[in-house]
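K.L.:
The structure is given below, and queries will be raised subsequently.
The values are calculated or read from the model by the stated rules, or taken from the named source; none is laboratory data. Everything numeric here is computed off the predicted structure, so don't read it as measured data. For neighbour counting, all protein chains shown are included, and Cβ atoms are generated from backbone atoms with ideal geometry for every residue, glycine included.
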Amino acid sequence: MSYLVFLLLLFFLLGVIGVASNPSPYFGTVGLVMVAATGCGVLVGFGCSFVSLVLFLIYLGGMLVVFAYSVALSAEAYPETWWDWSVIVYVFGYGLLIIMFGLFFMDIEVVYSLSIDGGGMYDIRADFGGVVLLYLKGGPLLLLCGGGLLLALFVVLELTRGVKRGSLRVV
């Protein structure tokens, strides 16, 4: 299981580098989806299956709104791809920065001590306590966040509706 979590963390870092190094929102979205999926996979590896599912669904809803808005604002006929020199230089620079940060500040023993499972006399895992709090105290807040995402989606769709009526379209 630790090899799978390590592989997911590696793909998480690659996705973060992809988001940070690519100026085009079309290709940066691929990195965002990769980061969301692998981050939730790491949470599943640590025992937080419900929290990762909720995070993944809410994060993908928010990403849909942000992606639609950024595509509406960027009017590039030929966006920069993964194989442009500027993007490759950023990828190698960010990769080198992450390696240097990892060599200087990483403590291996911290990774092995992370766990969410209940131990000893506890019969319940820690993320199930979060489920109770999510439905008990966080229900109205979840509904408010969902309504805000829906409103933001309609705003983005209205901004990008047509050539005449959309205020941010390129003529």
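K.L.:
Counting only residues that are touching a helix residue (DSSP H, G or I) at 6+ places or on another chain (Cβ under 9 Å) and either free of Cβ contacts under 8 Å to residues at least 40 places away in the same chain or within 27 Å of Leu4 (Cα to Cα) (or both), how many does the range 63-85 have? Step through it out loud before you land on a result.
P.N.:
Of all residues in the range 63-85, those touching a helix residue (DSSP H, G or I) at 6+ places or on another chain (Cβ under 9 Å) come to 63-74, 76, 79-82.
Those still in the list that are either free of Cβ contacts under 8 Å to residues at least 40 places away in the same chain or within 27 Å of Leu4 (Cα to Cα) (or both) too: 63, 66, 82.
Residues in the range 63-85 being touching a helix residue (DSSP H, G or I) at 6+ places or on another chain (Cβ under 9 Å) and either free of Cβ contacts under 8 Å to residues at least 40 places away in the same chain or within 27 Å of Leu4 (Cα to Cα) (or both): 3 in total.
K.L.:
I'd like to know if the range 16-28 contains one or more residues that are assigned to a helix (DSSP H, G or I) and in contact with an Asp or Glu (Cβ under 6 Å, 6 or more places away or on another chain).
P.N.:
no
K.L.:
Still on this structure: Residue under question is Ala20, and the condition is that it be in contact (Cβ under 8 Å) with a residue 24 or more places away in the chain, surrounded by 17 or more Cβ atoms within 10 Å (Cβ to Cβ) and either within 23 Å of Val156 (Cβ to Cβ) or of a type outside the set (Asp, Glu) (or both); does it hold?
P.N.:
Values: in contact (Cβ under 8 Å) with a residue 24 or more places away in the chain: yes; surrounded by 17 or more Cβ atoms within 10 Å (Cβ to Cβ): no; either within 23 Å of Val156 (Cβ to Cβ) or of a type outside the set (Asp, Glu) (or both): yes.
It is false that Ala20 is in contact (Cβ under 8 Å) with a residue 24 or more places away in the chain, surrounded by 17 or more Cβ atoms within 10 Å (Cβ to Cβ) and either within 23 Å of Val156 (Cβ to Cβ) or of a type outside the set (Asp, Glu) (or both).
K.L.:
Looking at Ala20, is it farther than 17 Å from Ile88 by Cα and either of a type outside the set (Phe, Trp, Tyr) or out of contact with any helix residue (DSSP H, G or I) (no Cβ under 7 Å at 6 or more places or on another chain) (or both)?
P.N.:
No; evaluated as a whole, the condition is false for this residue.
The rows are residues; the columns are (1) within 21 Å of the chain's Cα centre (by Cα); (2) under 27 Å from Leu32 (Cβ atoms); (3) at pLDDT 70 or above; (4) acidic (Asp, Glu).
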{"position": "Tyr78", "(1), (2), (3), (4)": "no, yes, yes, no"}
{"position": "Thr81", "(1), (2), (3), (4)": "yes, yes, yes, no"}
{"position": "Leu96", "(1), (2), (3), (4)": "no, yes, yes, no"}
{"position": "Ile108", "(1), (2), (3), (4)": "no, no, no, no"}
{"position": "Ser113", "(1), (2), (3), (4)": "no, no, no, no"}
{"position": "Gly119", "(1), (2), (3), (4)": "no, no, no, no"}
{"position": "Ile124", "(1), (2), (3), (4)": "no, no, no, no"}
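K.L.:
Now for a different question. Would you check which residues across the range 67-97 are surrounded by 15 or more Cβ atoms within 10 Å (Cβ to Cβ) and in a helix (DSSP H, G or I) and list them?
P.N.:
Matches in the range 67-97: Phe67, Ala68, Tyr69, Ser70, Val71, Ala72, Val87, Tyr90, Val91, Tyr94.
K.L.:
Looking at the range 44-62, which of its residues are without any contact (Cβ under 8 Å) to a residue 60 or more places away in the chain and under 24 Å from Asn22 (Cβ atoms)?
P.N.:
Leu55, Phe56, Tyr59, Leu60
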